[in-house]
Each structure stands twice: as structure tokens, then as C-alpha cells.
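The values are calculated or read from the model by the stated rules, or taken from the named source; none is laboratory data. Worth saying up front: this structure is predicted, and the values here are computed from it rather than measured. Here the Cβ positions follow ideal geometry from the backbone for every residue, glycine too, while neighbour counts run over all protein chains shown.
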Ligand code: C2O
Ligand code: CU
Ligand code: CU
């Protein structure tokens with residue numbers, strides 16, 4: 001099988017280190033988490049922030065040797081993937097400082113999409129991610145409806161870096177359409193993305209492509225941990241440029257733009273909405289070769305999950321003076337089971353935000369559908385605004401204990417997390 005390569009690596013954008021598959025079906029790689037001598041205070045996987053870009057196909061078996069060379073316990077969590085619980089890298093399976101472990105799992109059929117990996121030890125997740133431990137994992141399908149388009153991975157991390165660089169420049173040829181995979185890997189920031197008003201097309205969400213493209217967007221809010229795939233067409237004459245920007249967004253008194261590294265420490269007191277748009281990346285139109293191709297009108301079938309009869313309620317609170325971050329009034333307790341499900345059962349959850357700030361709600365080990373969303377899509381993280389209720393439906397294929405939590409990592413570390421037991 002042809003292994004595709006991200007061409008962004010040749011387009012003037014700082015490259016993620018691509019981890020090349022060792023064989024056709026098995027991928028053996030090693031990720032070492034360690035402090036970076038070159039940049040004191042930062043930590044990295046294999047010395048780079050973001051960590052290596054892992055690229056594989058549905059059905060591939062990944063074997064990853066994890067070496068923890070940090071001064072504290074860590075894990076690697078494979079955010080968004082439906083894999084066995086023992087491989088999930090959740091707080092239930094910490095790896096001691098100096099220790100090694102192997103993660104081994106098969107990428108499920110139908111899982112093609114943009115995922116990411118990061119540490120997940122209770123109480124220190126924010127610190128570890130904000131210091132630089134994060135990376136993208138792309139699962140390709142056997143037949144990609146968007147085959148042939150430039151496939152550009154964009155990892156936005158603290159403090160406002162794209163693929164580890166400040167305001168990098170990307171090239172697009174006149175008449176070209178590119179596919180961008182954008183990951184918000186920051187510990188607490190919201191990115192209200194725009195291309196200075198130029199329209200773009202939403203092609204995919206956390207769990208892969210939509211059923212069909214959603215055209216004519218001029219902005220899209222990307223909450224912490226969310227991913228999107230968008231199609232960007234060149235609209236400028238050669239020599240022209242347009243910026244990918246983060247527009248001001250008010251995520252509540254404490255949910256927004258942190259002040260530098262570990263911006264969320266101290267519960268994020270003192271965060272502000274930025275005064276104006278911030279340029280994240282410059283897209284410059286430069287004559288060059290590309291494969292002229294009209295993207296298809298339909299991508300794949302997404303079956304709506306069968307309607308579950310009963311719904312469970314999860315109320316998010318916290319953020320007022322003197323009140324901690326909690327779900328249904330309880331803070332995280334590793335020894336407690338907060339919700340139950342069965343393998344194969346469809347559940348419906350209503351997530352209610354009774355706090356004064358946004359919370360991106362994330363569930364491990366599966367993808368869900370947001371029932372009120374305008375289009376059917378697979379998601380693993382959904383933003384819930386103050387006063388809003390969001391209903392999700394999902395099914396788990398693996399038994400075990402799965403976390404659900406707010407992905408503003410300071411909130412998660414403070415206990416805004418629960419455990420779903422699937423039996
Ligand atoms: Cu991205 Cu529980 O995590
Ligand atoms: Cu996760
Ligand atoms: Cu939160």
C-alpha cells in the first residue's frame with residue numbers, strides 16, 4: 001500500500017518529525033519524555049515540541065515504547081482512540097519516573113481521523129502538557145476521499161505556537177485547495193479561528209471526516225483538545241497572503257487566554273480575552289506545482305446512533321470564588337465509579353454547564369455524536385457554554401474504566417473528572 005506523506009514538510013512550515021512505519025502493518029516506535037536541555041523549563045517527546053507526528057492506517061498495529069525520563073510519573077494517553085483500557089494511558093496506569101512501558105493497540109477500522117497524544121497523570125496533566133508534551137496522531141483510511149490534496153498538520157500549542165514556531169509561513173499555489181488538520185493542544189486556550197473572513201470548508205471533526213463538506217464557514221471555535229479538518233482554497237493572487245487568526249473569544253471569567261506557560265495555574269485567575277485578532281500563521285500564495293483536483297461532494301456514511309431511552313445528567317460547576325470544579329457536585333476520586341454502561345449499549349448524556357465559564361467536555365475510549373449539532377459528526381470533545389446543555393450519544397466497544405472530564409487541564413487537575421465503568 002502507498003504510504004502518504006504530509007507535503008507541508010516541504011512547504012516552508014516547520015515540520016513535525018514524522019514517525020515512519022517500520023513495516024506495512026506494524027509500527028514500532030519509541031517516545032521518550034524528558035526535559036529539554038536546549039529550552040530549560042520545557043519538556044518534550046523525543047526532544048521536539050510538538051512531539052513526532054505519528055501517521056498510520058486503519059488496521060495498523062502500533063507498538064510504542066514509552067520511556068519516562070521526567071522527574072515525575074507520566075503516561076501517554078491516546079486522545080480520541082477507541083482502544084483497550086489498559087492502553088489508554090489514563091490516570092489508572094501511571095508510569096513511574098525512569099520507568100518504561102509499551103503501549104500496543106490496533107487502530108480500529110473506521111477510525112480514520114486526527115487524534116493526539118499527551119500525558120494524563122492526575123494532578124500534573126496541565127503542567128506536563130503546558131511544558132510541551134503533546135503530539136498529533138493521524139489515522140488514514142484505506143481509501144481517502146480527499147486523496148491528492150496537500151495534507152497539512154497544524155498543532156497549536158502554548159504559548160500560541162503553530163507546529164512549534166511563532167507565526168510560521170505556509171505556501172499555497174494559485175488555484176490550489178489544501179486540507180488542514182488543526183489540533184488545539186493548548187492546556188486552556190480557545191481559538192476562534194478565521195482566515196480574515198475568507199470562507200473555508202469544514203471537512204472533518206475529532207473523529208474524522210463529516211458525511212459531506214460544510215461550505216462557507218468564516219470562523220470556527222476550536223476548544224482545548226478539539227480537532228478540525230478544513231479545506232482552504234487559495235484566493236489571493238501570487239504574492240498575496242492571508243493570516244490564520246485567533247479572534248477574541250470570551251470563554252468566561254477564567255476560561256480564556258492564559259498568561260504564558262501554565263496559564264491555567266491557580267485556577268486561571270487573571271486570564272483575559274485578547275484585545276484583537278492574533279496571527280497564528282501566514283498563508284502565502286506562491287506559484288508552484290499541485291495536483292488539480294475537485295474534492296468530492298460526499299465523504300462517507302455516518303449512521304446516527306440509535307436513540308437511547310434514558311438520559312443521564314452531568315452538571316458542571318465551579319469557577320465561582322470558593323467553589324471547586326466538580327461534576328454532579330463531586331470532585332474526581334479514582335476509587336469511585338460515577339457512571340455505568342455496557343459494551344455495545346447506546347447511552348445518552350446531557351451535559352449541563354451551571355458555571356460562569358466554558359468547559360470542553362471529553363469522554364475517553366469512544367467517539368460520540370452531539371445530538372443538537374447542525375451536522376452529524378464524530379466527536380470526543382464538545383464545548384459547553386455557561387447555561388448551555390449539550391446532549392451526546394455514544395457506545396463503548398471496550399470494557400473498563402474510562403475518564404470523562406473538562407479538557408481545560410487546570411479544571412481536570414482540580415477534579416472536574418469522573419469515571420465511567422463499562423462492563
Ligand atoms: Cu485529552 Cu482525558 O484527555
Ligand atoms: Cu482523552
Ligand atoms: Cu472546565
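Quick test for you: out of 418, 387, 400, pick the one residue that is touching a helix residue (DSSP H, G or I) at 6+ places or on another chain (Cβ under 6 Å), at pLDDT 95 or above and more than 18 Å from residue 127 (Cβ to Cβ). Don't jump to the end; show me each part of the working.
Numbers: 418 fails: touching a helix residue (DSSP H, G or I) at 6+ places or on another chain (Cβ under 6 Å); 387 fails: touching a helix residue (DSSP H, G or I) at 6+ places or on another chain (Cβ under 6 Å).
Residue meeting the stated conditions: 400.
Out of (1) within 16 Å of ligand 2 (Cβ to nearest atom); (2) outside any strand (DSSP E or B); (3) in contact with a helix residue (DSSP H, G or I) (Cβ under 6 Å, 6 or more places away or on another chain), what's the single condition that is false for residue 103?
Of (1) within 16 Å of ligand 2 (Cβ to nearest atom); (2) outside any strand (DSSP E or B); (3) in contact with a helix residue (DSSP H, G or I) (Cβ under 6 Å, 6 or more places away or on another chain), only one is false for residue 103: (2).
What about residue 63, is it modelled with pLDDT under 95 and farther than 23 Å from residue 162 by Cα?
Values: modelled with pLDDT under 95: yes; farther than 23 Å from residue 162 by Cα: yes.
Against the criterion (modelled with pLDDT under 95 and farther than 23 Å from residue 162 by Cα), residue 63 qualifies.
How many residues are touching a strand residue (DSSP E or B) at 6+ places or on another chain (Cβ under 9 Å) and assigned to a loop (DSSP other than H, G, I, E, B) when one looks only at the range 109-137?
12
Do you know which residues across the range 138-170 are within 22 Å of residue 292 (Cα to Cα) and in contact with a helix residue (DSSP H, G or I) (Cβ under 9 Å, 6 or more places away or on another chain)?
Residues satisfying the conditions are 150, 151, 152, 153, 170.
Any residue that is more than 23 Å from the chain's Cα centre (by Cα), at pLDDT 95 or above and away from ligand 1 (no atom under 15 Å from the Cβ) - is there at least one of those in the range 375-383? Steps first, please.
So the first thing to find is which residues in the range 375-383 are more than 23 Å from the chain's Cα centre (by Cα), and the list is none.
No: zero hits.
For the range 301-312, does any single residue satisfy the condition of being within 30 Å of residue 347 (Cβ to Cβ), within 16 Å of ligand 3 (Cβ to nearest atom) and not in a loop (DSSP other than H, G, I, E, B)? Can you show your working first?
Initial filter on the range 301-312 (within 30 Å of residue 347 (Cβ to Cβ)): 301-312.
Next, only the ones that are within 16 Å of ligand 3 (Cβ to nearest atom) stay: none.
Within the range 301-312, none of the residues are within 30 Å of residue 347 (Cβ to Cβ), within 16 Å of ligand 3 (Cβ to nearest atom) and not in a loop (DSSP other than H, G, I, E, B).
Looking at the range 202-225, I want the residues that are on the phi > 0 side of the Ramachandran plot and free of Cβ contacts under 8 Å to residues at least 60 places away in the same chain and have a partner that is assigned to a loop (DSSP other than H, G, I, E, B) and more than 16 Å from ligand 1 (Cβ to nearest atom) with Cβ atoms under 6 Å, at least 6 apart or on another chain. Which pairs are those?
Pairs found: 216/199.
So, restricting to strands (runs of 3 or more DSSP E) that lie completely within the range 12-87, which ones have at least 1 residues that are touching a strand residue (DSSP E or B) at 6+ places or on another chain (Cβ under 8 Å) and surrounded by fewer than 15 Cβ atoms within 10 Å (Cβ to Cβ)? Lay out the reasoning, then the answer.
Numbers: elements: 26-35, 43-45, 53-57, 61-68, 77-79.
The qualifying strands (runs of 3 or more DSSP E) are 26-35, 61-68.
Scan 233, 251, 225, 246 and give me the residue that is modelled with pLDDT under 95 and either more than 16 Å from ligand 3 (Cβ to nearest atom) or closer than 16 Å to residue 381 by Cβ (or both). Can you show your working first?
Working: 233 fails: modelled with pLDDT under 95; 225 fails: modelled with pLDDT under 95; 246 fails: modelled with pLDDT under 95.
Going through 233, 251, 225, 246 in turn, the sole match is 251.
Restricting to the range 114-128, name every residue that is more than 15 Å from residue 158 (Cβ to Cβ) and more than 10 Å from the chain's Cα centre (by Cα).
To start, the set of residues in the range 114-128 that are more than 15 Å from residue 158 (Cβ to Cβ) comprises 114-115, 117, 120-124.
Within the range 114-128, 120, 121, 122, 123, 124 qualify.
Of all residues in the range 313-332, which are within 16 Å of ligand 1 (Cβ to nearest atom) and not in a loop (DSSP other than H, G, I, E, B)?
Within the range 313-332, the subset within 16 Å of ligand 1 (Cβ to nearest atom) is 314, 316, 325, 327, 331-332.
Answer for the range 313-332, where residues must be within 16 Å of ligand 1 (Cβ to nearest atom) and not in a loop (DSSP other than H, G, I, E, B): 314, 316, 327.
Looking at the range 138-257, what strands (runs of 3 or more DSSP E) fall wholly within it and have at least 3 residues that are within 22 Å of residue 81 (Cβ to Cβ)? So that I can check it myself, show each step before the final result.
On the way: elements: 150-157, 169-172, 177-184, 191-194, 200-205, 208-217, 219-222, 227-233, 241-247.
Per the criteria, 150-157, 177-184, 200-205, 208-217, 227-233.
Given (1) touching a strand residue (DSSP E or B) at 6+ places or on another chain (Cβ under 8 Å); (2) in contact (Cβ under 8 Å) with a residue 60 or more places away in the chain, identify the lone condition not met by residue 348.
(2)
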